[in-house]
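S.K.: This is the structure I want to talk about, given as structure tokens.
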Amino acid sequence: MSDCRNRNKAALAAVVLATLCANASAQSNAGIADVLIVHGKVYTADRGAFSEAIAIRGSKIIQVGSTQEILQLRGPKTEVIDAQGSAVVPGFNDIHTHLLEGGLQLANVGLEKARTLPEIQNRISAFAKAHPERAWIQGMGWGYEAFPGNLPTREQLDAVIPDRPAVMECFDGHSVWVNSKALRLAGITKATPDPPNGFIVRDPKTGEPTGLLKETPAVALVQKVIPKPTSKEQRSALRAASAEALRFGVTSVTDAAGSPENLEAYDEARRTGDLSVRVNYSLLVTPGFSESQAGHFDRVWRSHPDNPMLKTGVIKVFMDGVIETNTAYMLASYANTPSRGKPNYSVEDFNRIIQMMDRRGWQIMVHAIGDGAVRMTLDGFERLAQVNPAPARGRRNRIEHIETIDPADVPRFSKLGIIASMHPGGGFFPPNRAASPPGFALGVWGRNLGPERIAHGFMWKSISDAGGQVIFGSDWPVASLDAMGRIYSITHRGPMPGGTDQRLPLTTAIDDYTRECAYATFDEKQKGVLAPGMLADVVVLATDIFSREPTVASDIAVKFTIFDGKVVYRAAK
């Protein structure tokens with residue numbers, strides 16, 4: 001019996017000792033970080049503050065301070081990143097993307113930067129030969145200037161893809177170029193009427209479809225016969241899209257113009273680990289949107305409560321098209337046609353829809369490219385605030401793109417509290433070309449507008465100077481996810497011909513790509529600045545861009561991306 005008591009005492013002592021050791025270990029590890037970033041030029045985006053180092057535990061930042069202070073949190077398993085004096089900034093928040101579409105496009109033929117019709121045709125032909133198993137040949141990225149008359153034809157695509165249906169999306173995402181087989185499969189003929197707000201481009205002599213479909217309703221005529229991606233293909237696309245984003249330091253995105261069905265695909269990818277960027281997901285509203293449809297959206301939102309990786313609660317509205325195809329809605333006629341385009345909504349229908357969704361607590365983002373569309377949207381938001389009490393969480397409504405704006409409307413963003421979400425092109429300009437105007441201003445975009453309205457293009461600094469809030473994104477896959485390339489363009493690109501200087505200070509441009517974007521998605525308490533308690537989404541750049549002017553593109557490259565407290569991207573040495 002005493003042996004039994006002794007054994008029990010010994011066992012109890014062992015348990016107590018193990019517990020004490022575990023508690024001591026936990027206490028000693030309480031101050032230990034999982035990841036340290038040291039010897040950096042840390043721009044916190046928090047009231048303009050700089051620091052040297054960051055400590056991360058789990059998914060959160062636990063301390064920001066000097067390298068000496070932060071190294072005190074190093075443990076035997078802590079990963080230490082020596083920034084070697086380079087800039088460290090918050091993870092970029094791309095405020096306007098199409099993530100699933102972009103991921104799917106990564107597996108198709110890319111036509112970006114192809115400047116001539118033969119180059120475009122050669123890329124398509126090579127891709128088709130390399131993929132004989134593809135029932136449809138799809139691609140994206142062509143620009144209008146590559147084609148005679150600035151418009152492609154089905155014969156040009158038939159010449160390289162005669163045996164299978166082929167669909168090539170324009171770089172702007174608002175038009176598709178199809179071959180004869182795709183037209184036949186879609187049932188598009190001379191007798192097919194234009195759908196509302198869509199355009200089947202036709203031969204002026206015969207009336208036959210030329211192979212160009214403009215705007216979403218017309219594009220949908222062919223999309224409905226293209227095989228839909230499988231669940232596996234969607235997860236693979238989101239995995240590829242996430243990797244592309246992280247390569248450029250983009251850790252959060254707003255996904256524009258989604259559907260309840262595709263939101264389920266994102267949620268599945270989140271659960272399986274195939275989604276590795278944070279997504280604010282918008283649902284597309286179309287003209288005539290009803291109370292019943294709004295109720296369905298409400299149920300979708302309730303079934304997807306906010307999660308640090310995926311959330312919704314925002315709708316997307318297309319007020320107009322694009323300038324390149326004369327479908328953007330302008331205050332006056334285009335320079336090359338008596339038309340000024342037209343809005344997709346009547347004033348009454350637009351106001352009804354946004355007031356209905358505002359009452360239900362939804363945030364509203366509106367695509368408005370032409371100065372007429374911008375004004376109509378501002379008018380709608382102004383009326384909204386007059387007739388509806390503010391939702392419980394407040395309003396952070398947005399206008400997307402704003403490629404042109406009447407100067408009289410610039411101060412209205414501040415007055416009405418509307419966020420200007422803008423998506424300029426990016427890229428690195430050699431120092432001796434930093435003040436050059438953007439080349440596309442002299443292309444189809446500029447010719448369609450005319451010189452007077454070119455001067456009123458992309459006026460983000462004017463909106464900011466007038467007290468408006470500006471945020472930035474890419475519209476990927478329309479343009480690259482390269483956040484630093486876009487920030488460099490925002491800070492260095494010269495004014496439009498005849499326009500005012502729209503360059504922003506570097507820290508302001510970074511704020512507008514990080515902290516201000518977090519505010520725009522109701523996430524300012526979780527991310528957007530480098531501070532204790534915030535999500536550990538951090539980017540280490542190749543050089544100290546704050547102290548030394550970049551001279552080559554590699555100076556603004558991303559060296560490390562830390563997402564949710566883990567190093568997820570390392571640049572090749």
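Laboratory data are not the source of any read-out in this text; all were calculated from the coordinates shown. Keep in mind that this is a model prediction, so the values were computed, not measured. Counting neighbours? That spans all protein chains shown, and the Cβs are built from the backbone with ideal geometry, glycine included.
S.K.: Can you work out the base-10 log of I(q)/I(0) for region 132-181 at q = 0.24, 0.29 1/Å, using the Debye formula on its C-alpha atoms alone?
M.R.: Ignoring solvent entirely, the Cα scatterers give -0.89, -1.16.
S.K.: How much length, in nm to one decimal, is gained on full extension between residue 130 and residue 232, taken as 0.36 nm per residue of separation minus their Cα-Cα distance?
M.R.: Taking 0.36 nm per residue and subtracting the Cα distance, the gain is 34.5 nm.
S.K.: Still on this structure: Please determine, in degrees from 0 to 90 and to the nearest 10, the orientation of helix 260-272 with respect to the longest principal axis defined by the Cα atoms of the chain, where the helix direction is its Cα long axis.
M.R.: 30
S.K.: Divide the volume of the convex hull of the Cα atoms of the chain by its number of residues and quote the answer in cubic angstrom per residue.
M.R.: 197
S.K.: I want the antiparallel fraction of DSSP beta bridges within the chain, as a percent rounded to 5.
M.R.: Around 40 percent of the beta bridges assigned by DSSP in the chain are antiparallel ones.
S.K.: Find which of 346, 310, 333 sits farthest along the positive direction of the dipole of region 305-362, computed with +1 on the beta-carbon of Lys and Arg, -1 on that of Asp and Glu, about the Cα centre.
M.R.: Among 346, 310, 333, the one farthest towards the positive end of the dipole of region 305-362 is 310.
S.K.: What Rg and what Dmax come out for region 99-223 when only alpha-carbon atoms are used, in angstroms?
M.R.: Cα-based Rg and Dmax for region 99-223 come out at 13.6, 40 Å.
S.K.: Separate question: Using the number of other C-beta atoms within 10 angstrom as an exposure proxy, rank 314, 88 with the fewest first.
M.R.: Listed from fewest to most nearby Cβ atoms, that is 314, 88.
S.K.: Another one. Quick check: convex hull of the Cα atoms in region 231-527, volume per residue, rounded to a whole Å³?
M.R.: Given the Cα convex hull of region 231-527, per-residue volume reads 131 Å³.
S.K.: While we're on this one: Between their Cα atoms, which of 60/527; 415/461; 461/525 are more than 18 Å away from each other?
M.R.: 461/525
S.K.: In debye, nearest 20, what is the charge dipole magnitude of the chain about its Cα centre with +1 on Lys and Arg Cβ and -1 on Asp and Glu Cβ, if you could check? Can you show the working numbers first?
M.R.: Numbers: 63 positive and 60 negative charges, 235 e Å.
Here the size comes out at about 1120 debye.
S.K.: Which net charge results when you count Lys and Arg as +1 and Asp and Glu as -1 among the other residues whose beta-carbon is under 11 Å from that of residue 107?
M.R.: Within the 11 Å Cβ shell, the charges total 0.
S.K.: When the chain is fully extended, how far beyond the present Cα-Cα distance does residue 349 get from residue 264, taking 0.36 nm per residue of separation? Present the calculation step by step, with values, prior to reporting the outcome.
M.R.: Values: separation 85, 0.36 × 85 = 30.60 nm, distance 2.87 nm.
That pair, residue 349 and residue 264, stretches by 27.7 nm at full extension.
S.K.: Another question, then. About its Cα centre, how strong a charge dipole does region 188-254 have in debye, to the nearest 20, once Lys and Arg get +1 and Asp and Glu get -1 at the Cβ?
M.R.: That gives a dipole near 240 debye.
S.K.: Follow-up. Select from region 66-173 those trypsin sites (Lys or Arg not before Pro) which occupy a DSSP coil region and have at most 11 other Cβ atoms within 10 Å, ordered by residue number.
M.R.: Sites meeting the loop and neighbour criteria: 77, 113, 115.
S.K.: Mind checking region 168-221 for trypsin sites (Lys or Arg not before Pro) that DSSP puts in a loop (not H, G, I, E or B) and that have at most 12 other Cβ atoms within 10 Å?
M.R.: Answer in residue order: 190, 205.
S.K.: So what J values fall out for region 529-537 if you push phi through Karplus, 6.51 cos²θ - 1.76 cosθ + 1.60 with θ = phi - 60°, rounded to Hz, Gly and Pro as x?
M.R.: 9, 9, 8, x, x, 8, 4, 8, 10
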